[in-house]
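The values are calculated or read from the model by the stated rules, or taken from the named source; none is laboratory data. This structure is a prediction, so every number in the text was calculated from the model and none was measured. All Cβ positions, even for glycine, are placed from backbone atoms using ideal geometry, and neighbour counts span all protein chains on display.
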């Protein structure tokens, strides 16, 4: 998500902040700036009321595919000037957009589906607008990774979205090996033809964790299949390649078993010999996953000679 914030200067001045972009009553011109607008990922009625109002009043809607966005606007009885901005023309179009923002225009950035900047080139435009001290704000809404996560039934307090995994097997398995230790649920996009192989690689590298495959979310043929990575790999390995947009969610690694007291003592003694009490406790608590209070109490006992 983006905020209307400006970078500090090279002389070390405190960062300044642009006034927050505000909604204005119907018929009144909206504040100039860049508006990041989420669009539906499938169901057309998932466009928010605020987004619908804003898209009817900006100077231009910047989009990946003008045909897709024109269709969405027509469904809601909206008309707006459209300008294509995608990975093939971004370098050429971005300076033009920044110049228009600097002149005081109100521009809306949308993707073909979901929240812009998630697996699309919009972040470079936002980054440069912020660097130029231009107002930027977001109109939140539909997001495929978040929809998949909440439907998966897997832990949602920590999660990591990693876009698409590499297409080649060696690179994909290397990427999964890097993701393996992350103490969070993992989310990635996948294509139908690669899904079975991707799940099998994830099972081999991550272990047989609980997972979910979410397909065509919010659409007529929405499907969420849950199981272990092994079960899902076996199912999609024999079924026809699924169609539509696919997101894979994988649960976090199982917690490591708590070390025995003598092992904890050894680790603490070693850490205490090289760091302060607070640093040693923080380090060992992070490594073992034990509550900081428990580690602190044991460290105090060791330092006091009460073993």
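Here are a few things to note about the model shown:
- Looking only at the range 211-241, and only at residues there that are touching a residue at least 40 places away in the same chain (Cβ under 8 Å), surrounded by fewer than 20 Cβ atoms within 10 Å (Cβ to Cβ) and touching a strand residue (DSSP E or B) at 6+ places or on another chain (Cβ under 8 Å), the one that is nearest to residue 166 (Cα to Cα): 216
- Residue match in the range 141-158 (condition: farther than 18 Å from residue 213 by Cβ, surrounded by 14 or more Cβ atoms within 10 Å (Cβ to Cβ) and under 16 Å from the mean Cα position of the chain (by Cα)): yes
- Residue among 305, 237 that alone is assigned to a loop (DSSP other than H, G, I, E, B) and either more than 35 Å from the chain's Cα centre (by Cα) or at pLDDT 90 or above (or both): 305
- The range 259-281, residues that are part of a loop (DSSP other than H, G, I, E, B) and either surrounded by fewer than 13 Cβ atoms within 10 Å (Cβ to Cβ) or out of contact with any helix residue (DSSP H, G or I) (no Cβ under 8 Å at 6 or more places or on another chain) (or both): 260, 273, 274, 276
- Residue match in the range 189-201 (condition: at pLDDT 95 or above, part of a strand (DSSP E or B) and touching a strand residue (DSSP E or B) at 6+ places or on another chain (Cβ under 7 Å)): yes
- Filter pass, residue 286 being free of Cβ contacts under 8 Å to residues at least 40 places away in the same chain, loosely packed, with under 15 Cβ neighbours inside 10 Å and part of a helix (DSSP H, G or I): yes
- Residues of the range 93-123 that turn out to be modelled with pLDDT of 95 or more and either assigned to a helix (DSSP H, G or I) or more than 27 Å from residue 217 (Cα to Cα) (or both), as a count: 15
- One residue stands out in the range 28-48 among those that are part of a strand (DSSP E or B) and on the phi < 0 side of the Ramachandran plot: the one that is surrounded by the most Cβ atoms within 10 Å (Cβ to Cβ), namely 34.
- In the range 57-92, the residues that are part of a helix (DSSP H, G or I) and touching a helix residue (DSSP H, G or I) at 6+ places or on another chain (Cβ under 7 Å): 72, 73, 75, 90
- Test for residue 54: is it closer than 15 Å to residue 137 by Cα and in a strand (DSSP E or B): no
- Residue count, the range 93-116 (criterion: closer than 18 Å to residue 60 by Cβ and buried (at least 20 other Cβ atoms within 10 Å of the Cβ)): 9
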